[in-house]
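Notes for the one structure printed next.
The values are calculated or read from the model by the stated rules, or taken from the named source; none is laboratory data. If you're wondering where the values come from, they're calculated on a predicted model, not measured in any experiment. So basically every Cβ, Gly included, is an ideal-geometry build from the backbone, and we count neighbours across all protein chains shown.
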Amino acid sequence: MAVQDTTAELLGHLGFSQYEARAYIGLLGQEPQTGYALSVRTQVPQPKVYETLRRLELKGAVACTSVSPAKYVAVAAERLIAGLRDQFGRRIEEARAGLEELQGATSLPEWRVLESLRTWPAIAKRARSMVSRATRHVYISLHSDQLDDLVTELRAADRAGVRCDVLCFGHASLELQNGRFLQHSSTHGIVYRHHQARHLAVVADSESAAWALAEDGSKWDSHIGVDPLLVAVVKGYIRHDMYVQQIFADFGDELVDRYGEGLEQLILPTEPGPAELPGAQAPAAAGRGGTKARPRQRSASEGAAATGRAAPAKAQRTQAAASGRGRDGALQGSARDSA
């Protein structure tokens, strides 16, 4: 009985009245019936049953097999659903064309509507739903503090064959068979004021995205939706950050030596070199038979400091790289990443 009630309710969403839904379900899979027999079977009032059957006949849901007495039979469910699909498809296309014409007649800007959730439990619940519904590819960037709230869904998606690419700030680990887990190693051991902040970035199947941020670590805000621009921005952010972390895992010593711990000199101003001083001329590019400009030689104290910090940092990077590599031992920039 529960299945009949649920199906009748679904038919109601497709334009059937309550009596029409009950009458069609009562006829489905049965021999042709009279209106009286159908009324007894479905509890559709007898004064309404023939009117209901005539409306169903117009919908293409039933067929009259005899006139005296009038008997009706339900068309096959597959045929009914196919007809409804065609009917609603035509209506949707007509509505789309009309709406586009109306929208094109105005010069007002287009508004994009995004959902905003303001608490971590609500954001985490939505993120879990996104991961659970994904069928192809999930990108996610988060802090280890938030990983525990999503790890069950990530493991289930991984077991189901969904590729999960996870970038994690802080110390954590997650075994994946169909993706990769990378730690944000470039900032390990480096303390910044903004490290109290927490964030979550999720993209599911390149169709939906969530970006959430708590600048003080507790007061959350977010944008969530299926907007293509939001999806592209969040996906690009996660992928490029993963690329940087894999490069750091492979060439960390050289990068720290060049840009300092935490790679701060990538964004902080540095002292200008001779070619950057006002009025100075840049050295000529080396050509055939020419000489290249020699890099600045580090002092003994600088070399010792770099060597001293390189050993533990290198060990951390090696461990992070091992956990972040795919089964082929490298960050996989294959065509699957575009999904």
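Output yes when any residue across region 216-224 is within 21 Å of Asp158 (Cα to Cα), among the aliphatic types (A, V, I, L, M), under 11 Å from the mean Cα position of the chain (by Cα) and modelled with pLDDT of 95 or more, and no when none is. No.
Taking Gly279 as the residue in question, decide whether it is surrounded by 13 or more Cβ atoms within 10 Å (Cβ to Cβ), modelled with pLDDT under 95 and either part of a helix (DSSP H, G or I) or out of contact with any Leu (no Cβ under 7 Å at 6 or more places or on another chain) (or both). Taking the combined requirement at face value, the residue does not satisfy it. Note on region 107-123: among residues that are of a type in the set (A, V, I, L, M, F, W, C) and touching a residue at least 40 places away in the same chain (Cβ under 8 Å), the one that is surrounded by the fewest Cβ atoms within 10 Å (Cβ to Cβ) is Val113. Of everything listed in (1) without any contact (Cβ under 8 Å) to a residue 24 or more places away in the chain; (2) assigned to a helix (DSSP H, G or I); (3) under 19 Å from Gln87 (Cβ atoms), the single unmet condition for Ala63 is (2). All of Ile140, Ile92 fail the test of being surrounded by 10 or more Cβ atoms within 10 Å (Cβ to Cβ) and either touching a Leu at 6+ places or on another chain (Cβ under 6 Å) or under 30 Å from Phe16 (Cα atoms) (or both), apart from Ile92.
A single entry from Ala201, Ala157 fulfils the requirement of being touching a strand residue (DSSP E or B) at 6+ places or on another chain (Cβ under 8 Å), crowded, with 21+ Cβ neighbours inside 10 Å and part of a strand (DSSP E or B): Ala201. Within region 238-258, the set of residues being crowded, with 18+ Cβ neighbours inside 10 Å and among the aromatic types (Phe, Trp, Tyr) comprises Phe248 only. For Glu31, the conditions (1) exposed (fewer than 10 other Cβ atoms within 10 Å of the Cβ); (2) modelled with pLDDT of 90 or more; (3) in a helix (DSSP H, G or I) are fulfilled apart from (3). If you filter region 110-150 down to residues that are part of a loop (DSSP other than H, G, I, E, B) and hydrophobic (A, V, I, L, M, F, W, C), you find that the one that is farthest from Gln196 (Cα to Cα) is Trp111.
Against the test of being under 14 Å from the mean Cα position of the chain (by Cα) and among the polar types (S, T, N, Q), the options Ser116, Ser129, Ser107 yield a single qualifying residue, Ser129.
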